[in-house]
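Chemist: I have a structure I would like to understand better, so I am pasting it below and will then ask my questions one at a time.
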Amino acid sequence: MGKTQEKSQSVTGFSKKDITNSSFLGGLLLLLCASMFYYFAVLRIDYQKTALPDLAPHPDATEYFAQAKALSRGKWPSIQIGTEKLPSRYPPGYPALMLPWLKILPQAHSVLAPFRTNQTIGLLLLLAIFVFYIYLAMPLTGGFAVLLLATLPSFFTFCRSSLSELSVSLFIVLAFMFAYLGVKEERRWKVYLSAVLLGLSLNIRIQSLFFAPLLLVMAMLPTRGMRLRWLLHCAAVPIVFLTAASPILVLNTIKFGSPLKTGYDFWVPYFSEKHVFFSFHYVLGNAGELWRQLTLQPHSYDAVDIFGTGTSFVVAFVLLSCVGTLFVRPSWFSCCAFIAWLFPFLAGLCFVFGSDGRLYVPLFIIMVSVAVLPVAWAVNNFFAGRRSVFALAVLVLFAAACLGYPSRSGHKSRNINRSQAWDALHFNTSPREPIQFVAQRYFGSRFQGEPGIVLSDIDPVYLNALLPRSFVAAPIDENHHYKWSHTWRYDRPQALALVQRGLIQSLPIYALFVSTQEMQEKTRRLPRVDGYDWHLVDSSAEAAILRLAPTS
């Protein structure tokens, strides 16, 4: 038998050990390629030369950052408008993840904390997926998966962002990994860890609740005749899940009086009062947006356009994922995983904001595990000389998915001969400077160390998070992002009262504008106080500043 084995090895020219070593080296090479692409597409970006430090879109990014600043000062996660500390409409999980970067970065560069956090999370996600496949003794498949993920438009786009999509994706993907390992190895503690990770993700995005069917995998583990023990484990999983999610539930109860109420009920109560967050009426419109992206048609503008080319996914990746479903072995785990993927997808279609591609980022990342299956099959069969035509077709599809070709760059562009990988390496947002960031930085340096009140059309939450703590920023009048609340109001009377209170306290009152033109257009909206006039104290390319002073 030994001679037969040696003869077989001499005929093929490779031993099992050689094949294993080749797979490992191939996986490392693919990881290196993915890491290099990630570096040039994400890590190398100089945010100071883009408009991104303005923290668009508002109010999402500004509220995340403001909560992180409050947490770094040992306060409750909140936002500040004028002198009031108010609840945010978003959970504090993602802001909490910014804290290490807020400690590392100097104060002048603290606005980069959201971006550095997502860059770090993206890198951790790539490494976690590769280590997962290494653990499964599939290093080459892991290399292909990492390369597919690194070149996925929605992935590298939101790795550049100041939003929470990447952070919630990390917890959800890890939850899927440990649920799979728990079933595969019959280890319940791994399913419990999956429940913890999934529960923690609710502290980042409430919509993670729709992934809860994944925890049904606990019911599949063998009981060996002890039905009571099986029932106890099945009951314990949702308890662990809710315990991990309890911080946001407790916070909602304290701030809004119910664990099921969120900041949206405080700031935009119309949606909860009219019950229009989820409705079947949105399905056709949201599905139409996804279909237009899939068929390379012009589509509406959303957050993907701010941080990338407006493309969340490419046709080749979807086709590769569809082919991958043919390679999925039917099992109870695959059934639970599919339901856990399908529920959030259907919920996104029924969501009022479901046309925004960022809602589907975790789903696209999970699809990588399916899309990589035919690639691994094709590589094995292509080099073995079996079914080489079909294997070559799959590899061509894989190459197209990695290159992101064909695709459309820009929501209104009619050019569909774009490569997302190429555009990612030549990333360029709006050619303008971050005018709001430049204006507040100039103001802060101009009056550093002085107390005062600042009125501006720049988001007051943004200003209060970045300006020295001696300043208090507030809107000029009722034209701001926070005017829809029934509980909290800020209008012309409130602006006038704030100014009068500042004058009583002998505080200087300023008005900050991003340009002289804006100052000329909006000066008439400023509060008028008897015996006082607004005087120009500084006008430059960075900002225009007025100060309220006695008429004499």
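The values are calculated or read from the model by the stated rules, or taken from the named source; none is laboratory data. Predicted model, so just to flag it, every value in this text is computed and none were measured. Neighbour counts run over all protein chains shown; Cβ positions are idealised from the backbone, glycine included.
Chemist: Of the conditions (1) modelled with pLDDT of 95 or more; (2) touching a Gly at 6+ places or on another chain (Cβ under 9 Å), Tyr462 satisfies every one except a single condition; which number is it?
Modeler: Condition (2) is where Tyr462 drops out.
Chemist: Please state which one of Thr151, Thr157 is touching a Gly at 6+ places or on another chain (Cβ under 6 Å), hydroxyl-bearing (Ser, Thr, Tyr) and more than 30 Å from Lys483 (Cα to Cα).
Modeler: So the residue among Thr151, Thr157 that is touching a Gly at 6+ places or on another chain (Cβ under 6 Å), hydroxyl-bearing (Ser, Thr, Tyr) and more than 30 Å from Lys483 (Cα to Cα) is Thr157.
Chemist: Only residues that are under 19 Å from Lys255 (Cβ atoms) and either touching a Lys or Arg at 6+ places or on another chain (Cβ under 7 Å) or part of a loop (DSSP other than H, G, I, E, B) (or both): list them for segment 53-71, please.
Modeler: The answer is Pro59, Glu63.
Chemist: Can you name every residue in segment 72-108 that is part of a loop (DSSP other than H, G, I, E, B), surrounded by 19 or more Cβ atoms within 10 Å (Cβ to Cβ) and polar (S, T, N, Q)?
Modeler: Ser78, Ser88
Chemist: Something else about it: Just name the residue that is modelled with the lowest pLDDT out of those in segment 14-52 that are assigned to a loop (DSSP other than H, G, I, E, B) and of a type in the set (S, T, N, Q).
Modeler: Ser15
Chemist: If Glu450 meets every condition in (1) over 25 Å from the mean Cα position of the chain (by Cα); (2) crowded, with 19+ Cβ neighbours inside 10 Å; (3) within 30 Å of Gly502 (Cβ to Cβ) apart from one, which number is that one?
Modeler: (2)
Chemist: Oh, and also: Working only within segment 363-405, note down all residues that are at pLDDT below 90 and not in a helix (DSSP H, G or I).
Modeler: Selection gives Gly385, Arg386, Arg387.
Chemist: For the condition out of contact with any strand residue (DSSP E or B) (no Cβ under 6 Å at 6 or more places or on another chain), without any contact (Cβ under 8 Å) to a residue 60 or more places away in the chain and on the phi < 0 side of the Ramachandran plot, what is the one hit in Pro106, Pro87?
Modeler: Pro106
Chemist: Let me ask something else about it. Pick out, from segment 490-552, the strands (runs of 3 or more DSSP E) lying fully within it that include 3 or more residues that are crowded, with 17+ Cβ neighbours inside 10 Å and in the same structural domain as Leu467 (by TED's automatic domain parsing).
Modeler: Because the criterion is at least 3 residues that are crowded, with 17+ Cβ neighbours inside 10 Å and in the same structural domain as Leu467 (by TED's automatic domain parsing), the strands (runs of 3 or more DSSP E) in segment 490-552 that meet it are 509-513, 544-550.
Chemist: Whether any residue in segment 254-269 is free of Cβ contacts under 8 Å to residues at least 40 places away in the same chain, in a helix (DSSP H, G or I), under 18 Å from Trp76 (Cα atoms) and in the same structural domain as Gly93 (by TED's automatic domain parsing) is what I want to check.
Modeler: yes
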